[in-house]
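Remarks on the structure that follows.
The values are calculated or read from the model by the stated rules, or taken from the named source; none is laboratory data. If you're wondering where the values come from, they're calculated on a predicted model, not measured in any experiment. Note that each Cβ is placed from the backbone with ideal geometry, even for glycine, and that neighbours are counted across all protein chains shown. Each accessible area value is taken on the protein alone, full model and side chains, heavy atoms only, with ligands, DNA and RNA left out. Shrake-Rupley method; radii C 1.70, N 1.55, O 1.52, S 1.80 Å.
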Amino acid sequence: MWKICCASLALLFCVAAQAEAHFGMVIPSTATVTEKKDADLKLDISFSHPMEMQGMDMAAPKAFTVTLDGKSEDLKASLKPATVMGHKAWQAAYKIKKPGVYQFAVEPEPYFEPAEDTYIIHYTKTAVAAFGGEEGWDEPLGLKTEIVPLTRPFGNYAGNVFQGRVLLDGKPVPGAEVEVESYNKTKGHTAPNEYFVTQVVKADENGVFSYGVPWAGWWGFAALNTAKEKLDYKGEPKPIELGAVLWLEFVAPKTK
């Protein structure tokens, strides 16, 4: 009986570990460009558990774009294989040539998660502001689902409160659940227990949510919804988790 109990507990812990929050990730080398030396961006694109620094293999994205002044450019051909958190990921280079707010967006291939018996599709984006440009950061890109910032998504200090609106098919999602995690790249933060790994907030009746960022670094916000349609997996229809993911950098102020 004791062996059975131990085996059952081990299985439960295994399932719990497998069911951790997933995040599509698009992390540029900088979120603000003020000098020409920073204009050659490098963007890391992955699918991971960012707080615990656990990677997953990511297939080549279905789409990768940048939008500036309402015009989108296809960047998929610029993607190169890379390794992030020890797993298959992607990297792209992009040169910023003029002032503006550059919105980068990734649509991945559907990922089947056996632990949740569901497909996951995370529409992931981030914004880079360059050479004083500030217009257009609050414009939706027309993705299947996305978070539209209500707080300017760059030039923010650690400790600021961020607000965003969750859209699905272009419409606000009342009561949307939003998962929040830090990209713990330096492994400088350790969660007290599993409850602290992924923060969770709920949107209001207008799809608006708020979160106070506790420390500096890159932070991901993932609003999760279930698609109306299903995808086939080995002859069985499976549900689809649609994630609207937004990544922002929060910075500690310089001190003398």
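Among the conditions (1) surrounded by 14 or more Cβ atoms within 10 Å (Cβ to Cβ); (2) out of contact with any Ser or Thr (no Cβ under 9 Å at 6 or more places or on another chain); (3) acidic (Asp, Glu), residue 179 misses just one, which is (2).
Looking only at residues in region 18-42 that are part of a loop (DSSP other than H, G, I, E, B) and free of Cβ contacts under 8 Å to residues at least 40 places away in the same chain, the one that is surrounded by the most Cβ atoms within 10 Å (Cβ to Cβ) is 29.
Scan region 48-76 residue by residue and report those that are more than 18 Å from residue 96 (Cβ to Cβ) and either assigned to a strand (DSSP E or B) or aliphatic (A, V, I, L, M) (or both). Full working, then the answer.
Residues of region 48-76 more than 18 Å from residue 96 (Cβ to Cβ): 48-63, 76.
Answer for region 48-76, where residues must be more than 18 Å from residue 96 (Cβ to Cβ) and either assigned to a strand (DSSP E or B) or aliphatic (A, V, I, L, M) (or both): 48, 49, 51, 53, 54, 55, 56, 58, 59, 60, 63.
Looking at region 146-184, which of its residues are polar (S, T, N, Q) and touching a Pro at 6+ places or on another chain (Cβ under 8 Å)? Across region 146-184, the qualifying residues are 163, 182, 184. Is it true that residue 63 is in contact with a helix residue (DSSP H, G or I) (Cβ under 8 Å, 6 or more places away or on another chain), small (Gly, Ala, Ser) and either buried (at least 16 other Cβ atoms within 10 Å of the Cβ) or under 30 Å from residue 211 (Cα atoms) (or both)? The answer is yes for residue 63. When we screen 45, 121 for residues that are touching a Pro at 6+ places or on another chain (Cβ under 8 Å), of a type in the set (A, V, I, L, M), part of a strand (DSSP E or B) and open to solvent by 10 Å² or more (accessible area, probe 1.4 Å), the only hit is 121.
Evaluate region 150-157: report whether one residue or more is small (Gly, Ala, Ser), in contact with a strand residue (DSSP E or B) (Cβ under 8 Å, 6 or more places away or on another chain) and surrounded by fewer than 18 Cβ atoms within 10 Å (Cβ to Cβ). Yes - at least one qualifying residue is present in region 150-157. Taking the stated definitions as given, is residue 97 outside any strand (DSSP E or B) and open to solvent by 70 Å² or more (accessible area, probe 1.4 Å)? Criteria met by residue 97.
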